[in-house]
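Reading through the structure tokens given below for one structure.
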Amino acid sequence: MKTKEELAAIEQSLKEKGTKYNTVTVFLEEDNTELTATFFLRKPDKTVRALIGKMAAKDGLQAVYAGIKNLFIDGDDPSLLLQNDYALASAEDAVVSMLEVQKAILKKN
């Protein structure tokens with residue numbers, strides 16, 4: 001896992017480049033809020049949305065991992081999630097939130 005200083009340097013570099021990204025911090029242990037993994041992820045496109053949607057129908061946790069792996073820019077190694085069902089479950093809400101889109105406004109005339 002990367003140190004806080006390394007993660008801050010990565011985030012500063014992304015900002016300087018003008019990269020649009022999301023930061024996801026995942027808890028790796030249930031009783032330890034200090035042990036986390038941080039991922040810098042790009043915004044999802046329609047290809048990744050489709051991939052995650054198909055995978056979610058079969059295995060929700062693997063869909064979360066696939067989402068993080070496919071959107072990964074930098075940060076801690078996504079494979080930290082593979083052996084840790086708690087970490088995958090922790091990341092689930094963040095991935096779902098990233099996939100949400102604003103609803104269109106329909107005005108009937």
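Annotations for the structure displayed:
- Count of residues meeting criterion [within 19 Å of the chain's Cα centre (by Cα) and in a loop (DSSP other than H, G, I, E, B)] in the stretch 20-37: 3
- Search result, residues across the stretch 70-88 that are surrounded by 20 or more Cβ atoms within 10 Å (Cβ to Cβ) and assigned to a helix (DSSP H, G or I): 71, 78, 81, 87, 88
- Search result, residues across the stretch 3-19 that are assigned to a loop (DSSP other than H, G, I, E, B) and either in contact with a helix residue (DSSP H, G or I) (Cβ under 7 Å, 6 or more places away or on another chain) or surrounded by 10 or more Cβ atoms within 10 Å (Cβ to Cβ) (or both): 19
- Cross-chain or 6+ apart pairs with Cβ under 8 Å, the stretch 82-109 first and without any contact (Cβ under 8 Å) to a residue 40 or more places away in the chain, then surrounded by 10 or more Cβ atoms within 10 Å (Cβ to Cβ) and among the small types (Gly, Ala, Ser): 92/60
- Condition met for residue 43 (assigned to a loop (DSSP other than H, G, I, E, B), more than 19 Å from residue 28 (Cα to Cα) and charged (D, E, K, R)): yes
Read-outs throughout are calculated quantities, based only on the coordinates presented, and are distinct from any laboratory measurement. This is a predicted model, so every value here is computed, not measured. Every residue, glycine among them, receives a Cβ derived from its backbone with ideal geometry; neighbour counts consider all protein chains shown.
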